[in-house]
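The values are calculated or read from the model by the stated rules, or taken from the named source; none is laboratory data. Computed from a predicted structure; not experimentally measured. Heads up, the Cβs are rebuilt from the backbone with ideal geometry, glycines too, and the neighbour counts pull from every protein chain shown. Accessible surface is based on the protein model in full, side chains and every heavy atom, while ligands, DNA and RNA are left aside. Shrake-Rupley method; radii C 1.70, N 1.55, O 1.52, S 1.80 Å.
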Amino acid sequence: MDYSKLFSLNDKFALITGGTGGLGSEIANAFLNSGAHVAICGNHLEDTTQNYLSIKCNLLDEQSIIDMMHVISREFGRLDILVNCAGKNVLKPAEVYDTKTFLDVINLNLTALHVVTREAGSRFMVPNKAGKVLNLSSIKGIIGTDKDYLAYCSSKGALNMYTKQLACEWGKYNINVNAIAPTFVRTQINSFQLDDKEFYTSLINRIPLGRIGTKQDIASAAIFLCSDAASFITGQVLCLDGGLTAKQ
C-alpha cells in the first residue's frame, strides 16, 4: 500500500464556496497544490487566479446555484468534493437581534449551504455513488460565548446536526459528510477582535496549545477529510481548537 497516494487529491474535481477570501481561499489554494481541479464561486471574482474555474454565483439565489452546477457539469463533467466555506456573522445582543438580520445569517450559513449541497449531491455524487462533502463550522456551534454571536452560534450548531444527518442519509451512496470546527483564525473579518490585546490574551489563556489557529491548520485538515485517507470517516465534526473544548 502506497499511503502517500491516500492523502492526495490528484485529479479530483472540487467546488469551494466562499473560495474567494478568508479560509476558503486558503483551502482552494491548498487543494490546487494537492493536485485537485478547483472551482470557486462568489459575487466578486476580480482578484482570483486563472488556475481556478471561477464562477459568479449568488448563493442566496437558488437559480444562480443551479446555473453554477450547469457550468461545473460543462467544464468539469463531474464533482468529487464540495467544501462549503461561505458564511457570515453579524454581532448583536440577543435582546435587540432583529428578525431580518437573524434570518440573513441563517439563510447564508445554513439554507444556502443546503441548496448547494443538495444540487451537488443530486447531480453528481449520488448518481456516481461517491463524493466528499466538508462543511466549515465553528467551535461556536459547540460552546457558547458572551460576545453577541446568537445567530452565528445558532447557524453553526444547526450545521453540525445537518452534517451528521446528511452523513446518515448519504452513507448508502458512499458519500462522506464531515465538518471542521475551528476556533479563532485570523482573517480580515475578525482582525478587529484579535487586535484587542485584552481579548487576545484571554483567548490564548483558554487554549491549551497557547495559540490561535492558522489557515494552514484548517487547510491541512480539509485536505485530509476530502482525501481517500478519510474514507471511513463520516458524520464527524472535527474541532480544530488547540484543545479549547477539552478544557473546563
Quiz item: Once phi is turned into ³J(HN,Hα) by the Karplus curve 6.51 cos²θ - 1.76 cosθ + 1.60 with θ = phi - 60°, what whole-Hz value does each residue of segment 211-223 show in order, with x for glycine and proline?
Solution: 7, 7, x, 10, 4, 5, 4, 6, 5, 5, 5, 5, 4
Practice problem: Could you give the size of the charge dipole of segment 63-112 about its Cα centre, using +1 on the Cβ of each K and R and -1 on the Cβ of each D and E, expressed in debye and rounded to the nearest 20? | Solution: 40
Self-check item: Potential lengthening between K100 and C168 on full extension [0.36 nm per residue; Cα-Cα distance subtracted]
Solution: 21.3 nm
Quiz item: Taking the alpha-carbon centroid of each part, what is the distance from segment 189-209 to segment 154-186 in angstrom?
Solution: 26
Quiz item: Using a simple spin-label model with points 7 Å from Cα along the Cα→Cβ vector, what separation in nm is obtained for K197 and F232?
Solution: 5.1
Self-check item: Length gained when the stretch H44-I189 is fully extended (0.36 nm per residue, less Cα-Cα span)
Solution: 50.6 nm
Quiz item: Roughly how tilted is helix 62-75, in degrees to the nearest 10 and between 0 and 90, from the longest Cα axis of the chain?
Solution: 50
Exercise. Relative to the longest principal axis of the C-alpha atoms of the chain, give the angle of the C-alpha long axis of helix 197-206, reported between 0 and 90° and rounded to the nearest 10°.
Key: 70
Quiz item: If one takes the longest principal axis of the Cα atoms in the chain, at what angle in degrees, from 0 to 90 and to the nearest 10, does the Cα axis of helix 150-170 lie?
Solution: 30
Self-check item: Where segment 159-248 is the region considered: accessible area per residue in Å², 1.4 Å probe
Solution: 54
Quiz item: If Lys and Arg each add +1 and Asp and Glu each add -1, what is the summed charge of the other residues whose beta carbon sits under 14 Å from the beta carbon of Y200?
Solution: +2
Practice problem: Among the lysines, select those whose C-alpha is under 18 Å from the C-alpha of K140, and discard any that sit fewer than 8 residues away in the same chain. | Solution: K88, K92, K156, K164, K215, K247
Quiz item: On the accessible surface of the chain, probed at 1.4 Å, how many percent belong to carbon and sulfur atoms?
Solution: 51
Quiz item: Can you give the FRET efficiency for K92 and H70, using 1/(1 + (r/R0)^6), R0 = 35 Å, r = Cβ-Cβ distance, to the nearest 0.05?
Solution: 0.40
Self-check item: Within-10-Å neighbourhood charge of N109 [Cβ basis; K, R +1; D, E -1]
Solution: +1
Quiz item: Most fluctuating residue of F192, F13, F224 in a GNM of the chain with Cα springs under 10 Å: which is it?
Solution: F192
Quiz item: For Q236, which sequence-distant residues (separation of 5 or more, or a different chain) have an amide H within less than 5 Å of its own amide H, given hydrogens modelled in the peptide plane?
Solution: A179
